[in-house]
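Student: What follows is a single structure, and I will ask about it in a moment.
No lab work stands behind these numbers, since they all come straight from the coordinates. Note that the structure is a prediction, hence the values are computed from the model and not measured. Glycine gets a Cβ as well: all are built from the backbone with ideal geometry, and neighbour counts include every protein chain shown.
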Amino acid sequence: MKKVLYFDTETTGLDEKQNDIIQIAGIIVIYGVVQEEFEFKVQPFNYDNISQEALDIHGYNVEQLKTFPEPGEIYLRVIDIFSKYIDKYNKEDKFTPAGYNVEFDLRFLQQFFQKNNDVYFGSWVNWKKIDPLPLLYYLDYCNRINLPNYKLATVCQHFEIELKAHDALGDIRATRELLAKLHGLFFKNGN
């Protein structure tokens, strides 16, 4: 375990090009030690492409979103945090991204950077994703688990993990705990 960025986003829809992040949270772990947790709410760039379904899931309305900090402010705060742990000019020094269905969140975070006129998101993270979802599918394939679906809430209930669903920080805390439990299943001797 090197430098890991456990993170999750909450968004205004499912298309990273049309929709936006409205909450981002992360836990930075370096060599197995938690260094920092962060959580930011953020206004969307575009209020025209907000999915009502997304608002219903998160429990926000458009007026509440307008009270959140501007995207540029949150972008700078995220960069400040990343800069504490990563030398973006060193190709070998990057976070390994971790999260539940983390490819979705990676696409949104990369777009968030691009919408802030920064095309160098890859200076901060590598693409060696840590994601419990493929491990769960493998366990299902091997008949070790059989769940009605593999939504984070269902999986957390199965593994008896407390979850504050559809809250980025709650989701990523639960995902981190889930990864630890799965590690125990796959590596019983602790290796």
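Student: What pairs from LYS128/LYS188; LYS66/LYS88; LYS41/LYS88; LYS2/LYS88; LYS2/LYS129 go past 20 Å between their alpha carbons?
Tutor: Checking Cα-Cα distances, LYS128/LYS188; LYS66/LYS88; LYS41/LYS88 exceed 20 Å.
Student: Now for a different question. Starting from the eigenvalues of the Cα gyration tensor, five times each then square-rooted, give me the equivalent ellipsoid semi-axes of the range 3-123, largest first, whole Å. The partial results should precede the final answer.
Tutor: Details: eigenvalues 128, 42, 34 Å².
Three semi-axes, in Å: 25, 15, 13.
Student: Using a Förster distance of 22 Å, how high is the FRET efficiency between LEU185 and ALA165, based on the Cβ-Cβ distance and rounded to 0.05? Before the final figure, lay out the partial values.
Tutor: Working: r = 23 Å, r/R0 = 1.04.
For LEU185 and ALA165, the calculated efficiency is 0.45.
Student: From the mean inverse distance of alpha carbon pairs (Kirkwood) and the Cα radius of gyration, derive Rg over Rh for the range 64-187.
Tutor: Working: Rg = 16.7 Å, Rh = 16.4 Å.
Rounded to two decimals, Rg over Rh is 1.02.
Student: Please compute the length gained on full extension between ASN143 and ASN61, using 0.36 nm multiplied by the number of residues separating them and subtracting their Cα-Cα distance.
Tutor: Details: separation 82, 0.36 × 82 = 29.52 nm, distance 4.18 nm.
Taking 0.36 nm per residue and subtracting the Cα distance, the gain is 25.3 nm.
Student: State, to one decimal in nm, how far the label point of TYR120 lies from the label point of LEU76, with both points 7 Å from Cα in the Cβ direction.
Tutor: For the pair TYR120/LEU76, the computed spacing is 1.7 nm.
Student: Ignoring everything except DSSP H segments at least 4 long, calculate the 222 nm mean residue ellipticity for the chain; use -39,500 (n - 2.57) per segment, divide by total residues, nearest 500. Don't jump to the answer; show the numbers that get you there.
Tutor: Working: 7 runs with 76 residues, N = 191.
Counting only the DSSP helices, I get -12000 deg cm²/dmol.
Student: In sequence order, what are the phi-derived ³J(HN,Hα) couplings for the range 26-37 according to the Karplus relation 6.51 cos²θ - 1.76 cosθ + 1.60 with θ = phi - 60°, rounded to whole Hz, with x for glycine and proline?
Tutor: Each residue's phi maps through the Karplus curve to give x, 10, 9, 10, 10, 6, x, 10, 5, 9, 6, 10 Hz.
Student: Continuing with this model, one more query. Starting at the first residue of the range 108-118, write each ³J(HN,Hα) from the Karplus equation 6.51 cos²θ - 1.76 cosθ + 1.60 with θ = phi - 60°, in whole Hz, x for Gly and Pro.
Tutor: The phi angles translate into 5, 5, 4, 5, 4, 4, 4, 5, 9, 6, 10 Hz.
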